[in-house]
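**Q** What follows is a structure written as structure tokens; I'll ask about it next.
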Amino acid sequence: MSEKIFKVNGIELCSESFGDSSNPVILLIMGATCSMVYWDEEFCQRLADTGRYVISYDNRDVGRSVVYEPGSSNYTVIDMADDAAGLLDAYNIEQADIVGMSLGGMIAQVLAIRHPQKVLTLTLIASSIFESDDNDRNLPPMDERILAFHADGATLDWSDEEAVADYLVSGSSILCGSKHKFDEKRAYKQVRMEIKRANNLLSMFNHALLTGVGDYEGKAKNIVVSTLVIHGTEDSVLPLEHGLALAEEIPNVSLLTLEGTGHEVHPDDWETIIKAISNHTLGGKA
């Protein structure tokens, strides 16, 4: 990986780019607890091969970006959206098409609301709307199997890299939809890279303490750019109803459902996803 460290909003963010910098820009924002290694390099390159300059980066508390003491809360989702805006400034990029996965999609929504001049289009993959604690949307929760799995992490010896790799790969496997075969070899490659790159691997769990989400409940209707919602029908983290809620709330939106896909950007779906993003972002140009 050819990485660069940028000073953004008083912190360090680690980023990587693919393709020709003179091409239209796509900024990829990954979800909670995951660094940019989960934007598979081959996926990024294939997206760049459509004539784009693709940028991915590590959010706070993952990878080689700034990390804080595990168990601490030092920033909000709003700060993370400002980080994305600041990273574009660091690259001297005025506008970009934004693609966000899961929490990354929620960060992308805040970015579009707070910094609309920077956003050409949005693509929200396996993401959701913002909800306050007293909301009445009754969207289905995360599958209990995932909660039980993560509870087991409390007893893991995090100094044992092989045990940690096994644990993280097992966690990825339960996110895979029934239509796809879980690629264990690819998963181990990503996970080992994640462990090797992390400034402090346990800091990733600080994402569970994020605040500021409720501040944006109901504000998706203020997103003015063209938005593509991509959601798997078997998403066990954010069930399909979350994607449907996004499609109902954002004014200028189109919806792509991936049959049998879980909470993942699976290689089997790359061609479909990349084609959809390419077509969508072309339509967003002035």
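The values are calculated or read from the model by the stated rules, or taken from the named source; none is laboratory data. Here the structure is a predicted model, which is why all the values come from computation and not from measurement. Cβ sites come from the backbone with ideal geometry, for glycine too, and all protein chains shown count toward neighbours.
**Q** Can you tell me how many residues within the stretch 56-72 are part of a loop (DSSP other than H, G, I, E, B) and closer than 21 Å to GLY105 by Cβ? Let's see the steps before the verdict.
**A** Here is the first cut: in the stretch 56-72, the residues part of a loop (DSSP other than H, G, I, E, B) are 58-72.
Those still in the list that are closer than 21 Å to GLY105 by Cβ too: 58-63, 65.
So the answer is 7.
**Q** Now for a separate question. Hey, among ALA220, ALA245, which residue is in a helix (DSSP H, G or I), touching a Lys or Arg at 6+ places or on another chain (Cβ under 9 Å) and among the hydrophobic types (A, V, I, L, M, F, W, C)? Working first, answer last.
**A** Working: ALA220 fails: touching a Lys or Arg at 6+ places or on another chain (Cβ under 9 Å).
One residue alone meets the criteria, ALA245.
**Q** Identify the residue in the stretch 1-30 that is of a type in the set (D, E, K, R) and outside any loop (DSSP other than H, G, I, E, B) and, among all such residues, is surrounded by the fewest Cβ atoms within 10 Å (Cβ to Cβ). Walk me through it before giving the result.
**A** Here is the first cut: in the stretch 1-30, the residues of a type in the set (D, E, K, R) are 3-4, 7, 12, 16, 20.
Filter once more, keeping what is outside any loop (DSSP other than H, G, I, E, B): 3-4, 7, 12, 16.
Working: GLU3: 15, LYS4: 13, LYS7: 10, GLU12: 16, GLU16: 20.
My answer is LYS7.
**Q** Contact list please: Cβ distance under 6 Å, first residue in the stretch 266-286 and within 21 Å of VAL37 (Cα to Cα), second residue in a helix (DSSP H, G or I) and at pLDDT 95 or above, pairs at least six apart or on different chains.
**A** Short answer, once both residue conditions are applied: TRP270/PHE43; ILE274/ARG46; ILE274/LEU47.
**Q** Can you tell me which residues in the stretch 171-217 are under 18 Å from the mean Cα position of the chain (by Cα), exposed (fewer than 14 other Cβ atoms within 10 Å of the Cβ) and not in a helix (DSSP H, G or I)?
**A** Once the filter is applied, which keeps residues that are under 18 Å from the mean Cα position of the chain (by Cα), exposed (fewer than 14 other Cβ atoms within 10 Å of the Cβ) and not in a helix (DSSP H, G or I), the stretch 171-217 yields only THR211.
**Q** Looking only at the stretch 1-23, how many residues end up being at pLDDT 95 or above and farther than 25 Å from ASP79 by Cα?
**A** Total satisfying the criteria: 6.
**Q** From the residues in the stretch 95-105 that are of a type outside the set (Gly, Ala, Ser) and under 16 Å from TYR57 (Cβ atoms), which one is nearest to the chain's Cα centre (by Cα)? Spell out the reasoning first.
**A** At the first step, the residues of the stretch 95-105 found to be of a type outside the set (Gly, Ala, Ser) are 95, 97-99, 101, 103.
The next check asks that each one be under 16 Å from TYR57 (Cβ atoms); those that pass are 97-99, 101, 103.
On the way: ASP97: 14, ILE98: 10, VAL99: 8, MET101: 3, LEU103: 5 Å.
That would be MET101.
**Q** I'd like to verify a number: residues in the stretch 112-166 that are closer than 30 Å to ASP97 by Cα, without any contact (Cβ under 8 Å) to a residue 60 or more places away in the chain and assigned to a helix (DSSP H, G or I), how many?
**A** Total satisfying the criteria: 3.
**Q** Sticking with this one: Name the one entry in ASP61, ASP83, ASP79 that is under 19 Å from LEU209 (Cβ atoms), touching a Phe, Trp or Tyr at 6+ places or on another chain (Cβ under 7 Å) and not aliphatic (A, V, I, L, M). Step through it out loud before you land on a result.
**A** On the way: ASP83 fails: touching a Phe, Trp or Tyr at 6+ places or on another chain (Cβ under 7 Å); ASP79 fails: touching a Phe, Trp or Tyr at 6+ places or on another chain (Cβ under 7 Å).
Result of the check over ASP61, ASP83, ASP79: ASP61.
**Q** Among (1) within 21 Å of ALA245 (Cα to Cα); (2) loosely packed, with under 12 Cβ neighbours inside 10 Å, there is one condition VAL110 misses while meeting the rest; what is its number?
**A** Result: VAL110 passes all but (2).
**Q** Let me ask something additional. Look through the stretch 218-228, keep the residues that are touching a Ser or Thr at 6+ places or on another chain (Cβ under 7 Å) and aliphatic (A, V, I, L, M), and return whichever of them is surrounded by the fewest Cβ atoms within 10 Å (Cβ to Cβ).
**A** Only one residue fits best here, namely VAL225.
**Q** Any residue that is surrounded by fewer than 21 Cβ atoms within 10 Å (Cβ to Cβ) and within 16 Å of the chain's Cα centre (by Cα) - is there at least one of those in the stretch 31-39?
**A** Step one: list which residues in the stretch 31-39 are surrounded by fewer than 21 Cβ atoms within 10 Å (Cβ to Cβ), which gives 32.
Next cut, within 16 Å of the chain's Cα centre (by Cα) only: 32.
Scanning the stretch 31-39, I find at least one residue that is surrounded by fewer than 21 Cβ atoms within 10 Å (Cβ to Cβ) and within 16 Å of the chain's Cα centre (by Cα), so the answer is yes.
**Q** Let me ask something else. Can you find a residue that is out of contact with any strand residue (DSSP E or B) (no Cβ under 8 Å at 6 or more places or on another chain), of a type in the set (Ser, Thr, Tyr) and not in a strand (DSSP E or B) anywhere in the stretch 254-270?
**A** no
**Q** Output the qualifying pairs, or none if there are none: Cβ atoms under 8 angstrom, residues six or more apart or on different chains, first residue in the stretch 175-188 and within 14 Å of HIS263 (Cα to Cα), second residue of a type in the set (Phe, Trp, Tyr) and at pLDDT 95 or above.
**A** Partner pairs satisfying both residue conditions: CYS176/PHE182.
Each row is one residue, and each column tells you yes or no for (1) more than 19 Å from ILE26 (Cβ to Cβ); (2) at pLDDT below 95; (3) touching a Ser or Thr at 6+ places or on another chain (Cβ under 8 Å).
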{"position": "VAL237", "(1), (2), (3)": "yes, no, yes"}
{"position": "ALA245", "(1), (2), (3)": "yes, no, yes"}
{"position": "VAL253", "(1), (2), (3)": "no, no, yes"}
{"position": "HIS263", "(1), (2), (3)": "yes, no, yes"}
{"position": "PRO267", "(1), (2), (3)": "no, no, no"}
{"position": "THR272", "(1), (2), (3)": "no, no, no"}
{"position": "ILE277", "(1), (2), (3)": "no, no, yes"}
